[in-house]
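A short worksheet on the structure shown next.
Read the figures in this text as sums done on the coordinates, not as results from a lab. Not measured: the values here are computed from a predicted model. A quick note on method: Cβ atoms are made from the backbone with ideal geometry, for glycine too, and the neighbour counts reach across all protein chains shown.
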């Protein structure tokens, strides 16, 4: 996120879009109950980002609603001429922001109204301190200056663009944050640390998952990962709503977090992982011209997020939470001071923040501990499964559907021995696409067959030329090459070695339609 254009090639060029049905189908029943239990004990919070340096200056201390009381001040970045010196947007030193923007006094005024602030480091436009400050001890000091001056207990690292692809900087950042967090905790001042990362319906990028892994490896106790649910570009389906794309994104980030924590040796429950997931939509007009996050999207996302037990909701930005004036003509161009949509007097902060009753202030008890799962995977019954139950010895052609652990998966390419629910970080790592859960009352889907006589029955003594079609128990097959004595039945377990390939369902349906017509 930045004060100007937040459209990053990293976000726009993300992997293939998952269908909206996949996003919604895989989570139901027990997941919702478990998330609700977490919400009872751990309060989720809402705090909108506010841009400290944008012109005209935004009066975040002039609270418009209760949901605007907690804010994430952004962005602290490196000074252009002093690599380890923290600044606000590279324009103001910490003291300069106090002298010229009255920042310290305005924060104090907000606190008088029972508000609180967190600080966000980074953003897209300038260098996050770890990118330029190459000495870890100096980097710790730079972060500490900000944390101590504003006495914040929640910090946010908005890492994107070149900062995100710089893995050496990522290691320094993780090491420095770990040291700072330990120092604060030892002094009795807890420090909640969030990573804010670009995301899409396919989840975090590989650089994003690397950033999380670096923090976990360094021993940082992450409060969570906040997904930028915005600026999807080609990552979003053309007819897909911003709400639907956001849900897909958060579900995939939640799944990736589970894998990352498992690999780090700290397995967590589903509910805890939801509490470590945050969402930050860009309200109204996004940088991508065709993407508009409406108030209706905000309402739906809020309901869904509370149902799941999301730990945090934010938005970009509080500065923009108002209808543009009549002098702002081109609403498809992003403004720093209005949303680009007619809000009718309604605030996005009120809609997105509804039901998030916690605060941005961290608690000393917020310490992550491993939660070994005692969940027993359900046994699949072929009698109640719409498709064959997956087998480690079988081979599956592209498009084949199977059942595994009460979920339906479809093969994206030929596969054998690959677990359908193998915990991978990115969709391209697995040949299986989750379609959704097995529904109550389902029975095996009958295999499409053709009437006797449509083609000749296969014979083990006859020779078949390339392209010949035969029936085997009513199922049509086509010869891939000359053969004799090779049963079509073997094509299921050895599709590459078999000279036979089963006709696709679409072909069989067309043959039946042609015969009927």
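Taking 0.36 nm per residue of separation and subtracting the Cα-Cα distance, what length does fully extending residue 135 through residue 303 add? Before the final figure, lay out each step's value.
Values: separation 168, 0.36 × 168 = 60.48 nm, distance 4.44 nm.
Result: 56.0 nm gained on full extension.
For the range 224-322, what value does the Rg/Rh ratio take when both radii are computed over Cα atoms and Rh is the Kirkwood radius, given to two decimals?
1.00
If packing is taken as the mean number of other Cβ atoms within 10 Å per residue, what is the order of 84-92, 341-349, 378-386, 228-236, highest first?
On the way: 84-92: 19.4, 341-349: 16.9, 378-386: 12.8, 228-236: 24.4.
The packing order, highest mean first, is 228-236, 84-92, 341-349, 378-386.
Give me 189, 254 ranked fewest to most by other Cβ atoms within 10 Å of their Cβ, as a rough exposure proxy.
The fewest-first ordering by Cβ neighbours comes to 189, 254.
What span do the alpha-carbon atoms of the range 421-517 cover on each of the three principal axes, reported in whole Å from largest to smallest?
Between the extreme Cα coordinates on each principal axis of the range 421-517 lie 48, 34, 21 Å.
Given contacts defined as C-alpha pairs under 8 Å and at least six residues apart, what's the relative contact order of the range 316-358, whole-number percent? Show your work: numbers first, answer last.
Details: 41 pairs, mean separation 17.2, N = 43.
About 40 percent, as a whole number.
In nm, to one decimal, how far is the modelled label at residue 289 from the one at residue 454, with both set 7 Å along Cα→Cβ?
In this crude label model, residue 289 to residue 454 measures out at 4.9 nm.
So, in nm, how far is label residue 466 from label residue 389 when the simple model puts each one 7 Å beyond its Cα toward the Cβ?
4.1 nm
State whether the range 102-236 is rounded, prolate or oblate according to the following rule on the C-alpha gyration tensor (a ≥ b ≥ c being the square roots of its eigenvalues): a/c under 1.5 gives rounded; otherwise a/b larger than b/c gives prolate, and the remaining case gives oblate.
Cα axes put the range 102-236 in the oblate bin.
For a Förster distance of 56 Å, can you work out the FRET efficiency between the beta-carbons of residue 439 and residue 186, rounded to the nearest 0.05?
The pair residue 439/residue 186 has a calculated efficiency of 0.60.
Per 0.36 nm of contour for each residue apart, how much would the distance between residue 109 and residue 473 grow if the chain were fully extended, relative to their Cα-Cα spacing? Before the final figure, lay out the partial values.
Details: separation 364, 0.36 × 364 = 131.04 nm, distance 8.01 nm.
Result: 123.0 nm gained on full extension.
Let me test this: with uniform point scatterers at the alpha carbons of the range 276-321, what is the Debye-based log₁₀ I(q)/I(0) at q = 0.24, 0.27 1/Å?
-0.90, -1.04
Can you pull the Kirkwood radius for the chain, inverse mean 1/r over Cα pairs, to one decimal in Å?
25.3 Å
Based solely on its DSSP helices, what 222 nm [θ] is calculated for the chain when runs of n ≥ 4 H residues each add -39,500 (n - 2.57) and the sum is averaged over all residues, nearest 500 deg cm²/dmol?
The per-residue figure over the chain is -9000 deg cm²/dmol.
For the Cα atoms of the chain, what angle does the longest principal axis make with the long axis of helix 206-218, in degrees from 0 to 90, nearest 10?
60 degrees
How far, in nm, would the chain grow between residue 413 and residue 446 when pulled straight, counting 0.36 nm per residue and subtracting the alpha carbon separation? Let's see the in-between values first.
Numbers: separation 33, 0.36 × 33 = 11.88 nm, distance 2.27 nm.
Here the answer is 9.6 nm.
Please give the helix 242-263 orientation as an angle from the longest Cα principal axis of the chain, in degrees from 0 to 90, rounded to the nearest 10.
It works out to around 90 degrees.
May I ask for the angle, rounded to the nearest 10°, between helix 103-112 and the longest principal axis of the chain, with both axes built from Cα atoms and the value confined to 0 to 90°?
So the inclination is approximately 80 degrees.
Tell me, what does the Kirkwood hydrodynamic radius of the range 382-437 come to in angstroms if you use every pair of distinct C-alpha atoms?
Taking every pair of different Cα atoms in the range 382-437, averaging 1/r and inverting gives 11.2 Å.
What do you get when you divide the Cα radius of gyration of the range 463-516 by 2.2 N^0.38 Å, with N the number of residues?
Scaled against compact globular proteins, the figure is 1.14.
If you rank 133, 324 by fewest surrounding Cβ atoms within 10 Å, what's the result?
Least to most surrounded, the residues fall as 324, 133.
If neighbour count is taken as other Cβ atoms inside 10 Å, put 303, 322 in order from fewest to most.
The most exposed by this proxy come first: 303, 322.
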